[in-house]
Amino acid sequence: MKQATIYHNPRCSKSRQTFQILEDNHLAINEVRYLETPPSIEELDALCEAMNIEPQELIRTGEPLFKELGLSVSDERSRMGWLTIMVENPKLIERPIVKVGDQVVIGRPPEKVLTIL
């Protein structure tokens, strides 16, 4: 049975829909509730690398906390700086993130996860 890891917030409808797609496709699911158990900097960095994106592309810019912290995606920060911000403020991490094997995708829209199954 294929193994999938989903980093999500079960209160989010997109996360729940993505989780359901994984269940419907009979994957063994490793559920990571990232608000309770944030990924490490190394783990988050590896997810970004697997998606071939920069860390700031994984940030929820519409989240009120983003503005409260005075952040902008055009801020001159190092890769490590952006990763640290997300690890310290997991609410800013885009969700859901799904990893199957070496492939990783953001489940927005939820059906996007089908591209890696």
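The values are calculated or read from the model by the stated rules, or taken from the named source; none is laboratory data. Keep in mind that this is a model prediction, so the values were computed, not measured. So basically every Cβ, Gly included, is an ideal-geometry build from the backbone, and we count neighbours across all protein chains shown. When the accessible area is computed, the model is the full protein with side chains, heavy atoms only, and any ligands, DNA or RNA have been set aside. Shrake-Rupley method; radii C 1.70, N 1.55, O 1.52, S 1.80 Å.
Considering the options Ile21, Tyr7, Asn52, tell which one lies farthest towards the positive end of the dipole of region 1-91, charges being +1 on Lys and Arg and -1 on Asp and Glu at the Cβ, about the Cα centre. Of the candidates, Ile21 comes out farthest on the positive side.
Taking Cα centre as origin and charging only the Cβ of basic (Lys, Arg, +1) and acidic (Asp, Glu, -1) residues, the dipole magnitude of the chain rounds to 420 debye.
Under the criterion of Cα pairs below 8 Å and six or more residues apart, the relative contact order for the chain equals 35 percent. For the listed residue pairs Lys14/Lys91; Lys91/Lys112; Lys67/Lys99; Lys67/Lys112; Lys2/Lys99, the alpha carbons are over 19 angstrom apart in Lys91/Lys112; Lys67/Lys99; Lys67/Lys112.
Apolar share of the accessible surface for the chain: 46 percent from carbon plus sulfur atoms, 1.4 Å probe.
For P(r) over Cα pairs in 5 Å bins from 0, in percent, the value computed from the atomic coordinates appears in the list [x] 2, 12, 20, 21, 20, 15, 7, 2, 0; [y] 2, 12, 24, 24, 19, 11, 5, 2, 0; [z] 2, 9, 16, 18, 20, 17, 12, 6, 1 under label [y]. Within 15 Å, Cβ to Cβ, of Val100, how many net charges do the neighbouring residues add up to if Lys/Arg are +1 and Asp/Glu are -1? Neighbourhood net charge equals -2.
Of the GluC sites (Glu not before Pro) in region 9-117, the ones in a loop by DSSP (not H, G, I, E or B) with at most 10 other beta carbons within 10 Å are Glu36, Glu76.
Are there trypsin sites (Lys or Arg not before Pro) in region 32-117 that DSSP puts in a loop and that have at most 16 other Cβ atoms within 10 Å, and which ones? Before the final figure, lay out the partial values.
Working: sites: Arg33, Arg60, Lys67, Arg77, Arg79, Lys91, Lys99, Lys112; in loops: Arg60, Arg77.
Those satisfying the criteria are Arg60, Arg77.
Label-to-label distance, Leu117 versus Lys2, with points set 7 angstrom from Cα along the beta-carbon direction: 0.7 nm. For region 1-107, the solvent-accessible area works out to 55 Å² per residue, with a probe of 1.4 Å and every protein chain left in place.
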